[in-house]
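Written out below as structure tokens is the structure these notes cover.
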There are 2 protein chains.
Amino acid sequence: MASLAPQARDGAMRPLARSLLAVVARLQRQSGLTDTERDALLALPAHMTVIERGDHLVQEGKATDSCCALLAGFACRHRSTGAGQRQILAIHMKGDLVDLQNAGLGTVDYGVQALTAVTVAYIPRRALLKLAAEHPAIAKALWTDALIDASITREWLMNLGRRNAYQRISHLLCELAVRENHASLNDDGNFAVPLTQEQIGEVTGLTAVHVNRTIQRMRAEGFIRVAAQRMSIVDWPALVAAADFDRAYLHQPAGENGVPS
Amino acid sequence: MASLAPQARDGAMRPLARSLLAVVARLQRQSGLTDTERDALLALPAHMTVIERGDHLVQEGKATDSCCALLAGFACRHRSTGAGQRQILAIHMKGDLVDLQNAGLGTVDYGVQALTAVTVAYIPRRALLKLAAEHPAIAKALWTDALIDASITREWLMNLGRRNAYQRISHLLCELAVRENHASLNDDGNFAVPLTQEQIGEVTGLTAVHVNRTIQRMRAEGFIRVAAQRMSIVDWPALVAAADFDRAYLHQPAGENGVPS
DNA sequence: CGCCGGTTTGAGTCCATTCAAGAGGAGTGG
DNA sequence: CCACTCCTCTTGAATGGACTCAAACCGGCG
């Protein structure tokens, strides 16, 4: 019953974005930009493509001279241990710059994989750096983005280090709900959970079996309701409390408050 | 026997740095800077102080208009769950900018505590931002620093998510050894482990008791040797293999190779 | 209709935790 | 100089949360 991601056969999901608007909107929200700066960003050369679920947007270790932005769909950063155990390091959605590290350092030490079908834009690294050098505010915006990204990673570290399975999973769900809300992705109290239980395990450092049992408990206790690929949170305050969730680490500008449903 | 940090009563440790040289050296190594840029950084207004072991360099949540650089000694970033469980998020040493987030976002969502007596420099946030706006290369250097910081956090995430106690602890030790080597802090194959076993637990998401048993095993197996606050690695390649350690994530410029002893 | 990816369920095991107590070294005060 | 305290490390025994292995189920798809 109630599968989380019963083959993300999309269709409705098939994305069509044709400009960097989503990215600019994101930077705008985080850092504020003048019209000049927005236009400069929108004028960046970018190569748009659609990538199927399961394929990679960015290959680990592979040197590239471009930097990838996510315009629609969901993706995840991940890396594996020598023994082949995979850890998901971040989840990305519309508007995210998935490999800013690439722009800054020239290498990525992680891969980025499509969780659903996605539209992406590849921006030449040089063009981005040039823009940053010319517009201090854009440099600052990119820096800010990297700092927020790091803040989220730290919270995940807390999650793995100090919380049990139940808390880890509910924390992840809270984060997804709030972030999707912020990116205007959720409708009527539903939000996407574009992950299989196996993948939730790869986020939370648990096995798929244990994820399954834990989610069942959450359902049984009436915290959440699950429907194909989507989820709704029945008792937001209770889930937030159980998860020890405090959205401050997301550094979203004030304005939206409380329940993301 | 063989305590790891039997009261870091310092003395020999008491630091005296009077300039931002250590910080500039670090940025130089990572990003390269012209003489003009170096001079500009060194000319930054900065307030230097010594802070005792256990005291805080940066208070969680507290708004400040300055940004803290570590000139000598060791410190750690940390945050606690609602239930009061503490997680250490990063370990800092000579030359590290411990709250770049403060400069970029204007808030920190973590505290920074001295692990030994430390010398720090507080740099007015505005002065730093002004410099970054004037010198694109400095902006880029700060950005790069934030990216490397994030890369380390991601590796820690891997560590907690996918490795067992033995691997987590040895991975931490490998990282300390390599980073101290890079910051020219270790002598004759010894390196500082400025953490109590309790604190190692707070880094690795383990209890002090289990850390103790695991370290004893590592000693018994002849991988490491422990002496008050310092440690030496007997069989570096073996430890690296056991820890699944790959220094790439530290993004240290090429040059130094292999064993940090 | 059979295959495939994902979810569900069961039973047994183990790594790490919890609780508790002792031991050792370093500083402190009488 | 000794008693006292604090902090850290050490050890033991019992418990439990999460894992492993394995099999069954389920819906969609070719």
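Going residue by residue through region B:204-222, is there one that turns out to be under 17 Å from the mean Cα position of the chain (by Cα) and away from every other protein chain (no Cβ under 14 Å)? So that I can check it myself, show each step before the final result.
We begin by selecting, within region B:204-222, every residue under 17 Å from the mean Cα position of the chain (by Cα); these are B:204.
Subset that is away from every other protein chain (no Cβ under 14 Å): none.
For region B:204-222, residues under 17 Å from the mean Cα position of the chain (by Cα) and away from every other protein chain (no Cβ under 14 Å): absent.
Any residue in region A:114-137 that is over 14 Å from A:VAL23 (Cα atoms) sitting within a Cβ distance under 7 Å of a residue that is surrounded by 17 or more Cβ atoms within 10 Å (Cβ to Cβ) and hydroxyl-bearing (Ser, Thr, Tyr)? List the pairs, counting only those 6 or more apart or interchain.
A:PRO124/A:SER66; A:ARG125/A:SER66
Within region A:177-197, track down each residue that is assigned to a helix (DSSP H, G or I), of a type outside the set (Val, Ile, Thr) and in contact with a helix residue (DSSP H, G or I) (Cβ under 6 Å, 6 or more places away or on another chain).
Result: A:GLN197, single match.
Among B:ILE123, B:ILE88, which is the only one that is in a strand (DSSP E or B) and closer than 27 Å to A:GLY32 by Cα?
B:ILE123
Only residues that are buried (at least 19 other Cβ atoms within 10 Å of the Cβ) and more than 13 Å from DNA strand D (Cβ to nearest atom): list them for region A:195-223, please. Quick ask: steps written out before the conclusion?
If we filter region A:195-223 for residues that are buried (at least 19 other Cβ atoms within 10 Å of the Cβ), which is where we start, we get A:195-197, A:199-206, A:211, A:214-215, A:218, A:223.
Across region A:195-223, the qualifying residues are A:LEU195, A:GLN199, A:PHE223.
Scanning for something away from DNA strand C (no atom under 16 Å from the Cβ), at pLDDT 95 or above, assigned to a helix (DSSP H, G or I) and within 9 Å of chain B (Cβ to nearest Cβ), does region A:157-176 turn up at least one residue? Full working, then the answer.
Within region A:157-176, the first condition is being away from DNA strand C (no atom under 16 Å from the Cβ), and the residues that meet it are A:171, A:174-175.
Now restrict to residues that are at pLDDT 95 or above: A:171, A:174-175.
Remaining after also requiring assigned to a helix (DSSP H, G or I): A:171, A:174-175.
Checking which are within 9 Å of chain B (Cβ to nearest Cβ) leaves us with none.
No, region A:157-176 has no match at all.
Taking B:PRO253 and the conditions (1) of a type outside the set (Phe, Trp, Tyr); (2) outside any loop (DSSP other than H, G, I, E, B); (3) more than 16 Å from DNA strand C (Cβ to nearest atom), which numbered condition does it fall short on, given that it satisfies the others?
If we test B:PRO253 against (1) of a type outside the set (Phe, Trp, Tyr); (2) outside any loop (DSSP other than H, G, I, E, B); (3) more than 16 Å from DNA strand C (Cβ to nearest atom), just (2) comes out false.
Mind listing whichever residues of region A:184-203 are among the hydrophobic types (A, V, I, L, M, F, W, C) and either farther than 25 Å from B:SER151 by Cα or within 13 Å of chain B (Cβ to nearest Cβ) (or both)?
Filtering region A:184-203 down to residues among the hydrophobic types (A, V, I, L, M, F, W, C) leaves A:185, A:191-193, A:195, A:200, A:203.
Matches in region A:184-203: A:LEU185, A:PHE191, A:ALA192, A:VAL193, A:ILE200, A:VAL203.
Which number in (1) aliphatic (A, V, I, L, M); (2) away from DNA strand D (no atom under 13 Å from the Cβ); (3) within 25 Å of B:ASN164 (Cβ to Cβ) marks the one condition that A:VAL226 misses?
(3)
Any residue in region B:58-85 that is at the interface with chain A (Cβ under 10 Å from one of its Cβ atoms) sitting within a Cβ distance under 7 Å of a residue that is in a loop (DSSP other than H, G, I, E, B) and basic (Lys, Arg)? List the pairs, counting only those 6 or more apart or interchain.
Cβ pairs passing all conditions: B:THR81/A:ARG163.
If you check A:VAL108 against the conditions, is it more than 16 Å from DNA strand D (Cβ to nearest atom), outside any helix (DSSP H, G or I), crowded, with 22+ Cβ neighbours inside 10 Å and facing chain B (nearest Cβ under 10 Å)? Explain how you work it out, then say what you get.
Values: more than 16 Å from DNA strand D (Cβ to nearest atom): yes; outside any helix (DSSP H, G or I): yes; crowded, with 22+ Cβ neighbours inside 10 Å: yes; facing chain B (nearest Cβ under 10 Å): yes.
Taking the combined requirement at face value, the residue satisfies it.
Could you check, for region B:212-230, whether at least one of its residues is assigned to a loop (DSSP other than H, G, I, E, B), in contact with a Pro (Cβ under 8 Å, 6 or more places away or on another chain) and touching a residue at least 60 places away in the same chain (Cβ under 8 Å)?
First pass over region B:212-230, keeping only residues assigned to a loop (DSSP other than H, G, I, E, B): B:221-223, B:228-229.
Subset that is in contact with a Pro (Cβ under 8 Å, 6 or more places away or on another chain): B:228-229.
Now restrict to residues that are touching a residue at least 60 places away in the same chain (Cβ under 8 Å): B:228-229.
Yes, region B:212-230 contains at least one residue that is assigned to a loop (DSSP other than H, G, I, E, B), in contact with a Pro (Cβ under 8 Å, 6 or more places away or on another chain) and touching a residue at least 60 places away in the same chain (Cβ under 8 Å).
Would you check if A:GLY54 is surrounded by fewer than 16 Cβ atoms within 10 Å (Cβ to Cβ) and either within 13 Å of chain B (Cβ to nearest Cβ) or at pLDDT below 95 (or both)? Let's see the steps before the verdict.
On the way: surrounded by fewer than 16 Cβ atoms within 10 Å (Cβ to Cβ): yes; either within 13 Å of chain B (Cβ to nearest Cβ) or at pLDDT below 95 (or both): no.
No; evaluated as a whole, the condition is false for this residue.
Filter region B:225-252 for residues that are in contact with a strand residue (DSSP E or B) (Cβ under 8 Å, 6 or more places away or on another chain) and farther than 16 Å from B:ASP187 by Cα and give the result.
Once the filter is applied, which keeps residues that are in contact with a strand residue (DSSP E or B) (Cβ under 8 Å, 6 or more places away or on another chain) and farther than 16 Å from B:ASP187 by Cα, region B:225-252 yields only B:LEU239.
Anything in region A:135-156 that is of a type in the set (Val, Ile, Thr) and either within 14 Å of the chain's Cα centre (by Cα) or within 7 Å of another protein chain (Cβ to nearest Cβ) (or both)? List them, or say none. Steps first, please.
Residues of region A:135-156 of a type in the set (Val, Ile, Thr): A:138, A:144, A:148, A:152-153.
A:THR144, A:ILE148, A:ILE152, A:THR153, listed by residue number.
Here's the yes/no breakdown for (1) of a type in the set (Gly, Ala, Ser); (2) assigned by TED's automatic domain parsing to the domain that holds B:ALA75; (3) farther than 30 Å from A:VAL98 by Cβ:
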{"site": "B:ASN159", "(1), (2), (3)": "no, no, no"}
{"site": "B:ARG168", "(1), (2), (3)": "no, no, no"}
{"site": "B:LEU172", "(1), (2), (3)": "no, no, no"}
{"site": "B:GLU175", "(1), (2), (3)": "no, no, no"}
{"site": "B:HIS182", "(1), (2), (3)": "no, no, no"}
{"site": "B:LEU195", "(1), (2), (3)": "no, no, yes"}
{"site": "B:LEU206", "(1), (2), (3)": "no, no, yes"}
{"site": "B:GLN216", "(1), (2), (3)": "no, no, yes"}
{"site": "B:ALA241", "(1), (2), (3)": "yes, no, yes"}
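The values are calculated or read from the model by the stated rules, or taken from the named source; none is laboratory data. Just so you know, these numbers come straight off a predicted model, no measurement behind them. Glycine also receives a Cβ, built like all others from the backbone with ideal geometry; neighbour counts cover every protein chain displayed.
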